[in-house]
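Here's the structure, in structure tokens; my notes come after.
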Amino acid sequence: MLATGGPAAGQTVTLSGSLGNRKAVLVIDGEPRTLAVGESFRGVTLLGLADGQAQIEMQGRRSTLRIGQAPVRVAGGNAGGGGQQIVLTAGLGGHFTSTGSINGKAVSFIVDTCATAVSIGEPDAQRIGLDLRSADRLSATTANGMVAVHRVLLSVVRVGDVEVHNVEAIVLPNALPHVLLGNSFLTRFQMKRENDRLTLDKRP
């Protein structure tokens, strides 16, 4: 679920299911609605549908929704990346996940408070366009032991309407199912967890 909010109140959209590759069942502000590609309802337009994902546009912003994706709420921001708060709700297994972007390229994040830095698998790093040839090389301890990694600086990490600039990251040689949203990003926020809700308030 993705909600974008500002002074006008947050709109919520969830992908509930799909009917082939032409229609999606969206839950918009709690109301189920079947939309064909190109149709709109309450300011939400279905742009495309493929592989269990729906591309939508709302409030002038494009987003990708996935079936079973953990709810995400972004408050107090705008389409320009000036948001100040991210609210995540735990999904299956108690993990906090979210879609977002790195240097303008769409990625899937999972919050990992044990990770020192944002951690990216090499296939994602190549897709994002990170230059590893000039990156620092160092060793890191992982669940599989010591591995050689690259250290890079990300220009922009964005979750919803919240942007953080110049974020340190490491690139691991193997593929990862998500980009690990580690402490080089998280320490830019005041974090508060209440049951299955995690609130990140951007530090001044």
_Could you check region 1-49 and list, in sequence order, the residues that are open to solvent by 40 Å² or more (accessible area, probe 1.4 Å), touching a Pro at 6+ places or on another chain (Cβ under 8 Å) and at pLDDT 80 or above?_
none
*Residue under evaluation Val162, criteria (1) closer than 21 Å to Gln53 by Cβ; (2) open to solvent by less than 60 Å² (accessible area, probe 1.4 Å); (3) touching a Lys or Arg at 6+ places or on another chain (Cβ under 7 Å), criterion not met*: (1)
*In region 175-197, the residues that are part of a strand (DSSP E or B) and under 25 Å from Gly121 (Cα atoms)*: Val179, Leu180, Leu181, Phe189
*What is the one condition in (1) among the hydrophobic types (A, V, I, L, M, F, W, C); (2) open to solvent by 20 Å² or more (accessible area, probe 1.4 Å); (3) at pLDDT 90 or above that Ile102 does not satisfy?*
(2)
*Which one is farthest from Asp161 (Cα to Cα), of the residues in region 65-96 that are open to solvent by less than 20 Å² (accessible area, probe 1.4 Å) and at pLDDT 60 or above?*
Phe96
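The values are calculated or read from the model by the stated rules, or taken from the named source; none is laboratory data. Every value quoted in this text rests on a predicted model; they were computed, and no experiment measured them. Positions of Cβ are generated from backbone atoms using ideal geometry, with glycine treated the same way; all protein chains shown enter the neighbour counts. Accessible surface areas use protein heavy atoms only, side chains included; no ligands, DNA or RNA. Shrake-Rupley method; radii C 1.70, N 1.55, O 1.52, S 1.80 Å.
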